[in-house]
Amino acid sequence: MNDRTDVLEAEAPPAPLVRTVRWDRGAGADPAPLLDLEWLVTNGVGGYASGTLSGVATRRYHGLLVAALARHGRMLMLNHLLEDVRLPGGARARLGGEERPDALEAHTAHLVEFRLELGLPVWRYEVDGVVLERRVLMPHGQNTVHVTYRLVDGHGPVRLRLHPSLAFRPHDAPFEEELSRRYALGTGGEDRYEVSGGEDLPALRLQLHGQCPAFTVEWREGPRVHHRVEADRGYGSVAAVVRPGHFRVFLTHDAPEATLVASTEPWETVLALPPAEARAAERARRERLLAQADPRAREGPAAELVLAADQFVISPRWRVKDTACARAAGGEYRSVIAGYHWFTDWGRDTMISLEGLTLTTGRHAEAREVLVSFAQHVRDGLIPNLFPEGQEDGLYHTADATLWFFHAIDRYVETTGDRALLGHLLPRLREVVGAHLAGTRFGIGVDSDDGLLRQGAPGYQLTWMDAKVGDWVVTPRRGKAVELNALWYNALRLLEGWTRDLEGEEHARWLGEHADRARESFDRRFWYEAGGHLFDVVDGEQGDDPACRPNQVLALSLRHPVLARERWAQVLRAVEERLLTPVGLRSLAPGHPDYKPRYFGDIRMRDAAYHQGTVWGWLIGPYVDAWLKVHPGDPAGARRLLEGLISHLSDGCVGQVSEIFDAEAPFTPRGCVAQAWSVAEVLRCWVKCTG
């Protein structure tokens, strides 16, 4: 983590659940860290609002309303609000940031505090003795955002003017130098305004609640917006916006609050829940999430992680057919967003995350719906690797997601005892194993000579180490990968046990025979005596790969370890000495010719480092599981392994856990600012290690 003690003071959350970041406005204070710290609010259907604490947009994904739309996926509909304040004596101030980071010091001059209350963002400003607060909330299940301003202290009336900035586009679309849409402003009734940007999109509906609200039409093009992070990542970084006009409202002692509502929902939905009721409903929903979670996750950092986990469990609005089918059957189509801002739902990430996101948090019905949803998409013995943005059909180029599916089912059945679902899925699981034994897509299949699982096809990256730039597969790992065979053995043993319990020994015997053979071959083929650890790949394109990578941890961390017990401690020691950091495991040990200490630069430079040293937070989960198998009597020692990631809740995206980190100190957070499997594994292990 970066050293920001001279600028920001992050506090552990007291009860009630609050995490506070205070801004030192003293002379010489550097406001730049406020560009690095981010916030995130989501709506349960795939949409979100996000930005920096400063208010300056640094990513193409930053905006106050990114709506999840059928046929489109996620669309940026409301970019920004320019906020001007006039005090009773005539003094004027600007809250937060404009879209120009070059004037950051002036933009943040009045910001004194940022905090999360029950996971929801609150900014506190002081302007000549007047104290104002701003909150952002998205009603659950709606493409709607509420931005609320409150006069907390000081004399009014305070006049507030809000200038919406717009540029409708897919949230991950490259910037265009010129606006490509023609916008029009209409009304939906008294004090209701609609901005349309073409027949292909719903209108953006705007309404201001408060004392004497008014809107002045004044179309103009806003300033060109430079997005610093996009420039650093090698993408186009300058975007144009339009402003249709400005809202005006007064904050007084008798009417201290005003809320701007922006939505792509029909007016009937927008008007059904006034701001105060929406805020109360969302608070109640979050309190229920905490109440139903594992008792060890109802306070402190674990409770924060429960609320962080909620942001990934979705009913995707763009999956129209799947949603209709699930509802017709009396259920709900559920999935998991792998990471914000740019990931959709990925099979591997979903199955690794399922326990932490839904079982540790007590959301058993949603866990069941996720498993049923993915089971319906099995093709040729594989579940999808990912669903592209806004599309109904998945892509299947993965060798491990389906094996993690077995793991997720195991965790679900152990937690819930739902043998009915297990019986329903059993034929599909046998189909999966049969396809792997016979061979399926992308060269995925069992080698009849040794019973080990191999994979590989030209131009594809099939394991979780899946970086690819153009035709360059950075870490192809074609052959027999160590974690794939650990997962394959675990899947065979799980299915053997389930089949024995539900159908009898005779039906299970063949699975045990395949598992026995795989285990014997694994112990013989994967042990790398010279390094004291496991080969990463055997029978690869370049022979056996002795690189020390974290994938070997799965050989002892899973329910059914494929690695012989007498080698557990030696493997764990090698991983600890060469890969363990305060925020997860390195993806490659230092000293290897391909090792990269930092993840930065354009797409080619970043992907060259993605799995070549870069630290992954989610890997702390398998490591903790392995550590407890070697040290079963010391859960407190295992919990200490999580302390760096708990501290990270005040870094990056406040209250969330990043996807990756640089491989060396200060372990700067990189990649997605909020990653499902990072949150899930830290939460799961924190609870597991808590008495």
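Only the coordinates and a few stated rules stand behind these numbers; no lab work does. Owing to the predicted nature of the structure, the values given are computational and were not obtained by experimental measurement. So basically every Cβ, Gly included, is an ideal-geometry build from the backbone, and we count neighbours across all protein chains shown.
Dividing the mean sequence gap of close Cα pairs (under 8 Å, 6+ apart) by how many residues the stretch 157-255 holds gives a relative contact order of 39 percent. Scanning residues 5 or more positions from I444 or on other chains, those with amide H under 5 Å from its amide H are G456, with H placed 1.01 Å from N in the peptide plane. Convex hull of alpha carbon positions in the stretch 407-563: directionally averaged projected area 9.9 nm². Applying D = kT/(6 pi eta Rh) to the stretch 355-499, where Rh is the Kirkwood radius over alpha-carbon pairs, T corresponds to 20 °C and eta to 1.002 mPa s, the Stokes-Einstein value obtained is 134 µm²/s.
Each of H171, H533 was scored by other Cβ atoms within 10 Å of its Cβ. Arranged with the fewest first, they read H171, H533. Listed values for the stretch 307-315 are Karplus-derived 3J(HN,Hα) couplings in whole Hz (6.51 cos²θ - 1.76 cosθ + 1.60, θ = phi - 60°), namely 6, 5, 4, 4, 6, 9, 7, 9, 10, and x replaces Gly and Pro. Using Cβ point charges alone (K and R +1, D and E -1), the dipole size of the stretch 164-290 about the Cα centre works out to roughly 300 debye. Counting every other Cβ atom within 10 Å of each residue's Cβ, T264, T358, T690 order from fewest to most as T690, T264, T358.
Counting only lysines at least 8 places from K468 when in the same chain, those with an alpha carbon closer than 25 Å to its own are K480, K596.
With 0.36 nm allotted per residue and the present C-alpha distance subtracted, the M605-E113 stretch has 173.5 nm of extension available. Against the main long axis of the alpha-carbon atoms of the chain, helix 401-416 sits at an angle near 80°. Rounded to the nearest 20, the Cβ-based charge dipole of the stretch 188-245 about its Cα centre (Lys and Arg +1, Asp and Glu -1) stands at 260 debye.
Using the Cβ-Cβ distance between A438 and S647 with R0 = 51 Å, the FRET efficiency computed as 1/(1 + (r/R0)^6) comes to roughly 0.60. Residues whose amide H comes within less than 5 Å of that of E113, counting only those at least five positions distant or on another chain, are W23, R124 (H built at 1.01 Å from N in the peptide plane). Here the Karplus relation 6.51 cos²θ - 1.76 cosθ + 1.60, evaluated at θ = phi - 60°, turns the backbone of the stretch 376-388 into coupling constants of 5, 9, 5, 9, 6, x, 10, 8, x, 5, 7, 10, x Hz, with x for every Gly and Pro. Since only L403, N79, G234 are under comparison, the one whose Cα sits farthest along the positive direction of the charge dipole of the chain, derived from C-beta charges on Lys, Arg, Asp and Glu, is N79. Helix 620-630 and the longest principal axis of the Cα set of the chain meet at an angle near 40°.
Each residue of the stretch 127-136 was assigned a 3J(HN,Hα) from its phi angle through the Karplus curve 6.51 cos²θ - 1.76 cosθ + 1.60 (θ = phi - 60°); the sequence is 10, 6, x, 9, 10, 10, 10, 10, 10, 10 Hz, with glycine and proline shown as x.
Rounded to 0.05, the FRET efficiency of the H560 and Y235 pair, given R0 = 45 Å and the Cβ-Cβ distance, is 0.55.
Name the residue farthest towards the positive end of the dipole of the chain from the options P266, L289, A467, assuming +1 on Cβ of Lys and Arg, -1 on Cβ of Asp and Glu, about the Cα centre. Selected residue: P266. Only one residue of I314, V372, A324 has its Cα farthest out toward the positive end of the dipole of the stretch 250-397, where Lys and Arg carry +1 and Asp and Glu -1 on Cβ, and that residue is V372.
Computed from the C-beta positions of A280 and A214 and an R0 of 22 Å, the FRET efficiency is 0.20 to the nearest 0.05. In percent, rounded to a whole number, the relative contact order of the stretch 461-611 is 24, using alpha-carbon pairs under 8 Å and six or more apart. Using Cβ point charges alone (K and R +1, D and E -1), the dipole size of the chain about the Cα centre works out to roughly 640 debye. For a label point 7 Å from the Cα of A91 along Cα→C-beta, name the residues of the stretch 117-135 whose backbone N is under 11 Å from it. It comes to 126-131, nothing else. Size descriptors for the chain, from the alpha-carbon set: Rg then Dmax equal 25.9, 87 Å. By the beta-carbon count within 10 Å of each Cβ, the least crowded to most crowded order of C685, C212, C672, fewest first, is C212, C672, C685. Here the scattering of the stretch 610-691 is modelled by Debye summation over its C-alpha atoms, one equal scatterer each and no solvent; at q = 0.18, 0.19, 0.22 Å⁻¹ the log10 of I(q)/I(0) is -0.72, -0.79, -1.01.
Full extension of the chain segment joining E332 with E221 gains 35.7 nm, where the gain is 0.36 nm per residue of separation less the Cα-Cα distance. A simple packing score, the average count of other Cβ atoms within 10 Å per residue, orders the peptides 40-48, 487-495 as 487-495, 40-48, with the highest score first. Each listed q (0.09, 0.16 Å⁻¹) maps to a log10 I(q)/I(0) for the stretch 197-329, found by the Debye formula over equal Cα scatterers with no solvent: -0.52, -1.25.
Once the Cα atoms are used to define both axes, helix 275-292 deviates from the longest principal axis of the chain by about 20 degrees. Taking 0.36 nm per residue of separation and subtracting the current Cα-Cα distance, fully stretching the chain between A530 and E414 would add 37.9 nm.
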